[in-house]
1. Could you give the distance between the Cα centres of region 172-214 and region 232-275, to the whole Å?
2. In the chain, which helices (entire DSSP H runs) extend 18 Å or more along their own long axis, judged by Cα positions, while averaging at least 0.5 on the Kyte-Doolittle scale?
3. In whole Hz, what ³J(HN,Hα) sequence does region 156-170 give by Karplus (6.51, -1.76, 1.60; θ = phi - 60°), x for Gly and Pro?
4. Using a probe of 1.4 angstrom, how much of the accessible area of the chain is carbon and sulfur, in percent?
5. Using alpha carbon centroids, what distance separates region 117-169 and region 38-114, in Å?
6. Charges only on Cβ, +1 for Lys and Arg, -1 for Asp and Glu: so what's the dipole of region 152-287 about the Cα centre, in debye to the nearest 20?
7. Suppose the chain between ARG187 and LEU51 were pulled fully straight at 0.36 nm per residue; how much longer would it get relative to their current alpha carbon spacing?
8. Along its principal axes, what span do the Cα atoms of the chain show, with the longest given first and each in whole Å?
Amino acid sequence: MTYQRIGVIMAGGSGERFWPLSRQARPKQLLPLTASDTSMLCEAVDRLARLMPPEHIYVITGRALVAPIRAAGVGVPNANVVAEPCKRNTSGALAYIAAHLLATIPDADPARLSLAVTTADHRIGDVDAFRAALCAAMDTAESRDALVVCGIPPRHPETGFGYIQAASGDAADVVRPVRAFHEKPDREKARDFVASGDYFWNSGMFFWKLDVFLRELDAVRPALSEAVRNMGAALRAGDTARAEAVFAELEDISIDYALMEHAHNVWMVRGDFPWDDVGAWPALDAV
């Protein structure tokens, strides 16, 4: 089967964490924090642009940021900068972009739409290795009808990240089944995780075919999968108000809690590249 690969960059935020540099209309993803000459969002687009054409890359963000992002010229068509109606965490953002894709891609077939979900606030040190991991992740999602997450080999016992527990395997295994997700641990547990060799930092980057995403939601969050379909139908009919009303009723919950921790067929691709989640000033200082 031939797949249409789609990149989704989550780029919400309210401009608070890097104050005074960031502002509501100029949040961290529009600042040159990890490169001297380009914004983090431009970097995120560029990392995907060699794997798929710009018209297949979407930015999902808040309403207040649509105009600043379009004005910044980050490298995607203006129509691909999509506003979620209000804040409903990462599960809401990904539900809304799924509905948007179903509504706006001509003759959209969920079985042929293959998504790579990344973020605009990560520092990626080796872009070629990053792209290799993304290709492996999308291949795995497509061939195994699976939800796939990118896991980063931990460099130290970090208590600020969630962890992925992969099935035991050879250290050279790039792809492994996921046994469990673990929330941010205390220092002692983090040391145990790192020592085991089977625990990885949860990068928050996800990969799935759209039909698999909906099928897994059907099993564990049927109200959310129904909302995606209802929003998609409303957007196709031009009834934006109806889509926004459905969205407003969604639970404010992360995609990890809503789906990944409960799904039945989850795999991890190891990300062998320098990675940091640049969430606030202390994280930037560390890199």
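The values are calculated or read from the model by the stated rules, or taken from the named source; none is laboratory data. Remember, it's a predicted structure, so these values are computed and weren't measured experimentally. Reconstructed Cβ throughout: ideal geometry from the backbone, glycine too, with neighbour counts over all protein chains shown. Surface areas here come from the heavy atoms of the whole protein model, side chains and all, with no ligands, DNA or RNA. Shrake-Rupley method; radii C 1.70, N 1.55, O 1.52, S 1.80 Å.
1. Between the Cα centre of region 172-214 and that of region 232-275, the gap is 19 Å.
2. Those that pass (Cα extent of 18 Å or more, hydropathy at least 0.5) are 89-104.
3. 6, x, 7, 9, x, 10, x, 10, 10, 9, 8, 4, 4, x, 6
4. 48 percent
5. Using only Cα atoms, the two centres lie 20 Å from each other.
6. It comes to approximately 280 debye.
7. Additional length available on full extension: 45.2 nm.
8. 53, 44, 34
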